[in-house]
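Visitor: Structure below; questions to follow.
The values are calculated or read from the model by the stated rules, or taken from the named source; none is laboratory data. Keep in mind that this is a model prediction, so the values were computed, not measured. Every residue, glycine as well, gets a Cβ built from its backbone with ideal geometry; the counts of neighbours run over all protein chains shown.
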Amino acid sequence: MHIGTFTERPYASLAENEVYRNASFFGVSNKHFDPKVGAELYHRYLDQFVYAEELGFDVLMLNEHHANPFTMGAVMDVEAAILASRTKRAKIALMGNPLPVTDPLRLAEELAMIDMISRGRLVAGWVRGAGSEQIANNINPSYNRERFNEAHDFIQQAWTRDGPWRYEGKHYHYRHVNPWQKPYQQPVPECWIPGLVSPETVIWCAQHRYPYLALATFLEPTVEMWDMYADEAERQGYQAGPENFGYLQKIVVAETEEKAQELGHAWLYGGGQPAFARPEWMFPSGYNSKAATARLAKAFTNPETGDVALATVSYSENVDVEAAKKATLATYKGFQDSNQFIIGTPKSVLPKLRHVMETIRPGIMILWHIEGGPITQEDALTSLRLLGTQVLPEMRKYAKELGLTSPDEVKPGSRPLPASGKRLPVVGQISRAAQ
Amino acid sequence: MAVMEMSAREKSVQVGGDTLKYLEGGSGAPLLVLHGELGFPGWTDAYEQLSKSRKLIIPLHPGFGVSNRIDWIMNIRDQACFYSRFLQEQSLTPIDVLGFSLGGWMAAEMAVNNAAQFAHMALVAPFGVRPPSGEIRDLFATPTQNYLDASVADPVGAPELSKLYGEPGPKQYEMWEDARAEAARLAWVPYMFNPSLPRLLEGIKGLPTLVVWGKDDRVIPASTAEVFVKAIKGAQLELLDKCGHMPEIEKKDAFLARLNTFLASR
């Protein structure tokens, strides 16, 4: 198993009432941004990743969001290039580059440079980009899926085909494709696809034999999607295994339960992840298929409590900040009970992690450690240290015991189907019983 | 589209290799009606009244929930050319045209291509031109219900709006999503206008044109009307008081009176 670490790198000094008043992180005015604070935060987050490698994490995961204090990684490739030089061993996983909103030729060059500077440690990851990315970059959401597919296929060619050549597609046109930067990993870098269980993406991943990394989704829809992946893999003629699946797990670890719970509340800062962007920005015109919209709503609904983690009501200008805070706080216990947040001491989080690992059987597990507003660097580094020294070794033992093979151990898509031609189960029994 | 009695029937026609569905209702000289960006609204009172003296031909824009999407149509000019071909193949030219909002933009682009295909052109708060001041409301990043509420000056004083859209069910929601997605395909950027349209409109000759706008339009600032009226030779302007983006709903009687006078003029 690959075990990695991730942080959203939030702009942590934003007053949370600004987010509540806007009912969304996206859309809060950048008048609240102070570059001096930004400078300190960038260094703080980069230092965390360097420390994580020292502790033995296999993967340093970054992500990208635009015009949003939720994440400072607006141009994640810049951070990746720095980590490529400051680290020696860990994979640098970009989960992911929003293909439809970027220039694919320039992206092919950037990623090849990161792969070379890191001497082959890049994991490329392609995403469609949240709805708000389409708005922030002014890219037509109605063509999001078409642009994603076309940019993906173009980049594969740009990396592998000798130039110069001309490209004339539907959404992209280049008269001179001849990048003098090629990936260190030949013919193309390793690739995982992060997602929020959109069925089209899951099927597409299975067809391309790309590992699918579910981004902190509830376990039930995750299980459902991985079955969908495995069914498509069967149609493609291979048996999916743990190496085809990754999972991002929110976690906070501290020396005591009390401290961990205190820090855990930071997940709800400003409304937490559900407040990433209002529905009209998450789903601009034409962004999602109807099927995907329905499924997404389910993925963000806690099946045990019925709490909707994804805001579905339209924004009103008269937000009752105190009521909104109260409503957010009320979700805290439910998210812990469903293992969306795993919070505690190294000892108390391990059985919960094991439960998740047994249920969804991932070959890649990324620990989205401690997050949110008023968290000190000391608390973050303590959480990382405890994870690295006490949790990570135990997770490795579980992974071995459970046969959770990473993409380095078994090449994704290389596992043959049983002689019957019918696939074996890819998820554990516990969730199947719970379904 | 609210479920209601419609004095029209749905027809289907081949235009080149593509299929177009349209509604036909009423009797009299044909009147081409081009609906707006939220899709066909249903058989409005205005349609009912117009159908008493005119045969309404209402194409259901490809991709807006009824006619299938046509992949090669990527902007309003493509759409306009497609409709010109429809009119020509059905021997409907010259025809009077009434275009609402996004449909008004389509009519204007058609007139630019060939003004002779129309006998009269009535544009009701059309998109297509950048407002000289202010901005066009963002349909693509706004909940549809909020957009609809902003489409009239006074939602309370527009009972037909709630009759048409009062309690949108899943079917209406899906139609809106289809319509918004297709409108985005056609006009995401520049947002709902064609920068060259004001110049192109200057080339229209000999086409009687009426531009109708609500003074309190909160979707497209009413100042935009001036651009159309200045560019199209001889165009008449009707600005309606206490009226938003949907004069046909909000000020139906004044709108119809003005329209009928215009269509009867020579």
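Visitor: Can you name every one of the helices (runs of 4 or more DSSP H) wholly within segment B:123-241 that holds 2 or more residues which are touching a residue at least 60 places away in the same chain (Cβ under 8 Å) and within 14 Å of chain A (Cβ to nearest Cβ)? Give the steps one after another, and end with the answer.
Guide: Values: elements: B:144-149, B:159-165, B:170-187, B:197-201, B:224-231.
In segment B:123-241, the matching helices (runs of 4 or more DSSP H) lie at B:144-149, B:170-187.
Visitor: Same structure again: So which residues in segment B:22-53 are of a type in the set (A, V, I, L, M) and either under 17 Å from residue B:259 (Cα atoms) or not in a loop (DSSP other than H, G, I, E, B) (or both)?
Guide: B:23, B:29, B:31, B:32, B:33, B:34, B:46, B:50
Visitor: Evaluate the following for residue B:112: is it β-branched (Val, Ile, Thr), away from chain A (no Cβ under 13 Å) and part of a helix (DSSP H, G or I)?
Guide: yes
Visitor: Limited to segment A:85-99, what total is found for residues that are under 21 Å from the mean Cα position of the chain (by Cα) and assigned to a helix (DSSP H, G or I)?
Guide: Result for segment A:85-99: 1.
Visitor: Might you check whether a residue that is farther than 24 Å from residue A:226 by Cβ, of a type in the set (D, E, K, R) and in contact with a Ser or Thr (Cβ under 9 Å, 6 or more places away or on another chain) occurs anywhere in segment A:368-379?
Guide: Checked segment A:368-379: at least one residue is farther than 24 Å from residue A:226 by Cβ, of a type in the set (D, E, K, R) and in contact with a Ser or Thr (Cβ under 9 Å, 6 or more places away or on another chain).
Visitor: Additional query: Give A:275, A:254, A:266 a once-over and let me know the one that is away from chain B (no Cβ under 14 Å) and either under 25 Å from residue A:125 (Cα atoms) or in contact with a Cys (Cβ under 9 Å, 6 or more places away or on another chain) (or both).
Guide: Of A:275, A:254, A:266, the one residue that is away from chain B (no Cβ under 14 Å) and either under 25 Å from residue A:125 (Cα atoms) or in contact with a Cys (Cβ under 9 Å, 6 or more places away or on another chain) (or both) is A:275.
Visitor: Among strands (runs of 3 or more DSSP E) lying entirely in segment A:125-227, which contain 1 or more residues that are out of contact with any strand residue (DSSP E or B) (no Cβ under 6 Å at 6 or more places or on another chain)?
Guide: A:165-168, A:173-177, A:193-195
Visitor: Could you tell me whether any residue of segment A:54-65 is assigned to a loop (DSSP other than H, G, I, E, B) and of a type in the set (Asp, Glu)?
Guide: First, the residues of segment A:54-65 that are assigned to a loop (DSSP other than H, G, I, E, B): A:56-58, A:63-65.
Filter again for of a type in the set (Asp, Glu), leaving A:58, A:64.
Scanning segment A:54-65 turns up at least one residue that is assigned to a loop (DSSP other than H, G, I, E, B) and of a type in the set (Asp, Glu).
Visitor: Would you confirm whether or not segment A:100-117 contains a residue that is part of a strand (DSSP E or B), more than 14 Å from every other protein chain (Cβ to nearest Cβ), modelled with pLDDT of 95 or more and crowded, with 21+ Cβ neighbours inside 10 Å?
Guide: No, segment A:100-117 has no match at all.
Visitor: Picking from A:378, A:409, A:358, A:401, which residue would you name as being under 30 Å from residue A:69 (Cβ atoms) and acidic (Asp, Glu)?
Guide: Sole residue among the options that is under 30 Å from residue A:69 (Cβ atoms) and acidic (Asp, Glu): A:378.
Visitor: Out of curiosity, is residue A:74 free of Cβ contacts under 8 Å to residues at least 40 places away in the same chain, of a type in the set (A, V, I, L, M, F, W, C) and either part of a loop (DSSP other than H, G, I, E, B) or surrounded by fewer than 17 Cβ atoms within 10 Å (Cβ to Cβ) (or both)?
Guide: Criteria met by residue A:74.
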